[in-house]
Amino acid sequence: MKEKLFLLIIFTVSAFISVGQSNTNSLWYSKPATKWTEALPIGNGRMGAMVFGKTNREQIQLNEETVWAGSRIDDINTGALSHLKEIQNLLLEEKNKQAYQLTKMYLLGTPPEIRSYQTLGDMFIDFQDSAIMTTGYKRSLDLSTAVHTTSFNRGAVHYEMESFLSSPADIMVVRIRATGGKLNIRVSLEREKDVSITVKHNRILMNGQIEDKGEVLTKGPQGLHLKFAAVADVENLQGSIAMQEKAILVSDASEVIIRFSAATDYDYKKMDFDRKIDPLKKAMVIVDRGSNKKYSSLLQEHLSEYQPLFNKCSLELSRENKSQIPTDQRLQKVKSGTKDPGLMALYFQYGRYLLLSSSRYPAKLPANLQGKWNPYFDAPWQSDYHTNINLQMNYWPADVANVGETVEPLGKFMLALLAPGINAAEKMYGAKGWMMHHVTDIYGRIALNADPQWGTSPLAGAWMALSLYDHYDFTRDEKYLKEVAFPLMKGSADFISSFLIKDKNGYLVTAPSMSPENGFYLPGDSSFRSVVTYGPAIDVQIIVELFDAIKAVAIPMKLSPDYLAGLEQIKKQLPPIRINRNGGIQEWIKDYPEQEPGHRHMSQLFGLYPGTSLTHDTTLLLAARKTIENRLKYGGGHTGWSRAWMINFFARLKDGNTAYFHLEQLLIKSTMSNLFDDHPPFQIDGNFGGTAGIAEMLIQSHNNQLVLLPALPDAWNSGKVKGLKARGGLTVDMEWDNGKLVKATVFSSFDQTIKINYKSDEQTISIKKGQTVPFVPSR
């Protein structure tokens with residue numbers, strides 16, 4: 001009886017939502033996806049799937065986070081340390097071409113590139129009555145339930161297919177129902193290579209092993225590497241089921257439930273495969289557990305886990321509800337000039353959904369360049385972990401948008417990189433501590449990657465450490481600080497302290513390094529594009545902010561005064577942040593002419609966002625604005641993630657209308673119909689950067705103060721938000737009308753005194769642990 005009641009409630013809610021398409025947290029479409037970038041993503045952190053919603057041959061493209069080509073090797077160039085001093089001296093002498101050539105020869109990894117994250121394959125569901133005309137079509141992704149639904153009619157038969165990826169059960173569940181007729185379908189799993197597929201009883205078994213071929217000198221050893229497996233359990237209600245060689249045929253059923261899972265022999269603690277693991281057996285055990293549960297129980301379990309996470313934060317940016325319009329049509333209207341703040345609110349919630357779906361338990365790995373969704377065997381940029389902004393950007397919204405749980409896989413991954421990072425610091429640079437360059441993979445490849453003009457970022461690890469510190473700053477979780485963030489912070493500081501050298505002016509500088517991924521010309525020589533250099537502005541800012549972060553945790557970490565004094569001494573010897581000839585922040589150690597003034601990276605503004613070191617000085621803030629203006633003048637912000645960064649920059653500058661303009665441009669120029677970010681091609685960091693930017697326009701909490709509606713644009717005249725997070729364990733709800741704050745409340749997880757600022761109204765409020773206090777503007 002309880003099960004029937006629960007199903008009735010779910011059906012009633014689903015029916016209510018579908019009438020008029022009134023769910024503001026839903027993406028929906030009136031036609032099936034015709035290509036991968038029109039399909040809709042579901043995920044449970046560890047696995048991802050792209051659902052096409054096709055009515056003849058439904059396709060669900062599948063991913064499991066550890067299905068990577070490649071293998072664990074030490075890729076450190078054995079000539080690095082013996083040639084380091086020579087490279088450094090050449091850079092100080094401005095003999096950049098020779099320095100680049102030696103860097104490429106002796107610092108570049110051996111091999112210099114990594115292999116790719118791969119698709120697991122596809123599930124196909126063939127409908128046997130596809131000759132009959134389809135009517136009443138709709139597909140939707142409800143962000144508030146993380147359930148994808150496809151429904152359509154064929155004659156008198158109504159079909160409905162629901163799909164979700166459960167975190168508690170660690171399986172994908174697909175239910176197909178036919179009302180007013182019978183269900184006749186064929187279910188199969190397919191992968192282009194490296195697999196065998198068999199059918200046993202009511203299960204399709206995929207068993208495989210990645211065989212890496214060729215590219216030994218550029219990407220590493222060939223041979224049989226990672227093992228993987230997948231299992232699809234097919235259950236029919238009524239009718240019959242028949243086994244084919246590589247598929248299952250269901251006839252005359254009223255309902256079919258597919259339970260799917262996958263596994264590999266990868267061990268994230270070793271950052272390598274472990275031949276003691278049997279992937280097929282592992283996947284079978286997971287599916288066995290799920291098969292013992294009814295659909296209603298699996299759905300309820302999924303909702304009970306997911307909804308408390310998603311529902312922690314809500315956003316409304318307009319009283320006008322346009323959710324009755326299909327999402328692709330709404331986006332097209334925005335591209336044609338229509339204002340739609342509600343679509344921006346949906347985009348914000350979509351970003352939260354994507355991060356929860358690609359980086360929560362049971363995930364062991366963080367979201368990569370494509371989250372966890374990748375249809376390729378050889379993906380763009382290998383769908384890897386880029387750490388010169390992209391992986392960091394993936395987690396910009398994690399805390400402020402109240403999905404902080406997603407940081408856990410990132411922390412585990414970074415801790416696993418400590419050992420290879422210590423190895424790289426010692427063998428490449430003769431330094432203490434740990435470090436990494438701009439690319440890594442699940443096997444801990446950490447050497448300088450691809451080419452020095454892309455990969456010479458020795459402080460990428462320090463930037464990652466700051467990302468993990470920021471999670472502590474929001475939560476004040478001292479256990480997390482001690483076990484996760486601080487080992488990486490301290491290791492980065494140790495590396496920096498022993499890596500810095502003195503330049504001719506007596507400054508301590510990083511060398512070799514770069515300002516990702518921009519180039520310049522030496523005076524009087526436009527024949528060679530210099531990238532490898534020493535002491536770029538981004539490095540100075542990262543060092544200052546890392547050392548300040550360490551100072552901020554001196555008490556809980558019991559740091560000695562002598563240690564802190566040593567860091568302060570290093571800070572005093574760093575080059576100053578300068579203003580260049582165009583009035584912007586100088587990007588390099590000298591005011592070199594830029595090779596690409598409209599470059600997508602704006603690394604000299606790290607201290608504006610996500611850092612804060614440029615936000616304390618009015619002169620530097622003006623120069624930061626000028627830097628952005630110069631970039632835009634020459635076509636900057638042309639990639640999705642670069643445009644998303646612009647939103648955050650202008651939010652920090654408290655320029656709401658310009659931040660809004662760039663958010664609108666992100667939708668117009670860099671967003672696909674399924675709301676995926678278009679770099680191009682698809683790259684998920686733009687989604688996460690845009691989500692963070694929306695939050696940054698509404699709340700800021702750096703510099704030891706809570707600022708409410710710091711960059712509210714005119715277009716968001718009225719609205720409300722619940723559950724935004726602020727540093728210091730704060731949670732904020734706000735409502736505004738006619739562009740003015742109407743009410744706000746602040747909840748604190750700790751006893752503390754906080755400064756709250758709204759426009760020119762600053763108030764100091766004492767708040768107890770577990771207490772919620774109102775903020776009432778004094779004017």
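The values are calculated or read from the model by the stated rules, or taken from the named source; none is laboratory data. Worth saying up front: this structure is predicted, and the values here are computed from it rather than measured. Because the Cβ atoms are built from the backbone with ideal geometry, glycine has one as well, and the counts that use them run over all protein chains shown. Each accessible area value is taken on the protein alone, full model and side chains, heavy atoms only, with ligands, DNA and RNA left out. Shrake-Rupley method; radii C 1.70, N 1.55, O 1.52, S 1.80 Å.
Observations, loosely collected:
- Summed side-chain charge close to P362 - residues other than P362 whose Cβ falls under 13 Å, Lys, Arg +1, Asp, Glu -1: +1
- Integer Hz, Karplus 6.51/-1.76/1.60 couplings in order for region 277-282, x for Gly and Pro: 8, 9, x, 5, 4, 4
- In the chain, helices alone account for a calculated mean residue ellipticity at 222 nm of -10000 deg cm²/dmol, with every DSSP H run of four or more residues adding -39,500 (n - 2.57).
- Surface per residue (accessible, 1.4 Å probe) for region 166-298, Å²: 44
- Cβ-placed point charges (K, R +1; D, E -1), dipole of the chain about Cα centre in debye, nearest 20: 920
- Axis of helix 2-18 versus longest Cα principal axis of the chain: the two differ by about 70°, to the nearest ten degrees.
- Residues with amide H under 5 Å from that of T533, placed H, sequence gap 5 or more: S513, M514
- Each of A262, L708, M414 was placed along the dipole of the chain (beta-carbon charges, centred on the mean Cα), and the one lying farthest toward the positive end is L708.
- Protection proxy ranking, peptides 443-449, 431-437, 527-533, 761-767, average beta carbon neighbours within 10 Å, highest first: 443-449, 431-437, 527-533, 761-767
- Between the listed residues G180, N518, N236, the Cα displaced farthest toward the positive end of the dipole of the chain, a dipole computed from Cβ unit charges relative to the Cα centre, is found at G180.
- Residues with amide H under 5 Å from that of H601, placed H, sequence gap 5 or more: E517
- Gyration tensor verdict on region 641-703 (Cα atoms; rounded if a/c is under 1.5, prolate if a/b is larger than b/c, oblate otherwise): prolate
- Taking the Cα centre of region 310-368 as reference, the dipole from Cβ charges on Lys and Arg (+1) and Asp and Glu (-1) amounts to some 120 debye.
- Cross-link reach list, lysines versus K213, counting only Cα pairs under 23 Å and skipping chain neighbours closer than eight places: K193, K227
- Cα-centred dipole magnitude for region 375-452, charges only on beta-carbon of K, R (+1) and D, E (-1), debye, nearest 20: 280
- On a per residue basis, region 33-129 carries 31 Å² of accessible surface, using protein heavy atoms and a 1.4 Å probe.
- Part-to-part distance (alpha-carbon centres) for region 442-479 and region 129-184, which is given in Å: 42
- What region 647-687 shows is 23 Å² of accessible area per residue, with the surface traced by a 1.4 Å probe over protein heavy atoms.
- Among 730-740, 537-547, 309-319, 339-349, the order from most to least packed when residues are scored by Cβ within 10 Å on average: 537-547, 339-349, 309-319, 730-740
- Sparsely packed loop sites in region 212-248 (the GluC sites (Glu not before Pro) outside DSSP H, G, I, E and B with at most 10 other Cβ atoms within 10 Å) comprise E245.
- For the residue pairs K138/K282; K502/K551; K720/K769, the C-alpha atoms sit more than 29 angstrom apart in K138/K282.
- Rounded to 10°, Cα long-axis angle of helix 295-310 versus longest principal axis of the chain: 30
- Count Lys and Arg as plus one, Asp and Glu as minus one, and take only other residues whose Cβ is under 13 Å from that of A146; the net charge is then -2.
- Working from Cα pairs under 8 Å separated by at least six residues, relative contact order for region 43-160 is 29 percent.
- K213 - accessible surface, heavy atoms, 1.4 Å probe, Å² rounded to 10: 140
- Projecting the Cα atoms of N757, S560, N63 onto the dipole axis of the chain, where Lys and Arg carry +1 and Asp and Glu carry -1 at the beta carbon, places N757 farthest toward the positive end.
- Separation between Cα centres of region 667-722 and region 196-242, rounded to whole Å: 39
- Karplus-derived HN-Hα couplings along region 215-230 (A = 6.51, B = -1.76, C = 1.60, θ = phi - 60°), whole Hz, x at Gly and Pro: 6, 4, 6, 9, 10, x, x, 9, x, 7, 10, 4, 9, 8, 7, 9
- In order along region 71-82, phi translates into HN-Hα couplings of 7, 6, 9, 8, 9, 6, 5, 5, x, 4, 5, 6 Hz, rounded to whole numbers, per the Karplus curve 6.51 cos²θ - 1.76 cosθ + 1.60 with θ = phi - 60° and x for Gly and Pro.
- With a cut-off of 11 Å between beta carbons, the residues surrounding E664 carry a summed charge of +3, where Lys and Arg count +1 and Asp and Glu -1.
- V553 long-range amide H proximity, modeled H, under 5 Å: none
- Axis of helix 685-698 versus longest Cα principal axis of the chain: the two differ by about 70°, to the nearest ten degrees.
- Solvent-accessible area, 1.4 Å probe, carbon plus sulfur percent, for the chain: 52
- Pairs with C-alpha atoms separated by more than 32 Å, drawn from the list K322/K725; K364/K768; K312/K740, are K364/K768.
- Relative contact order of region 92-194, defined on C-alpha pairs under 8 angstrom at six or more residues apart (%): 25
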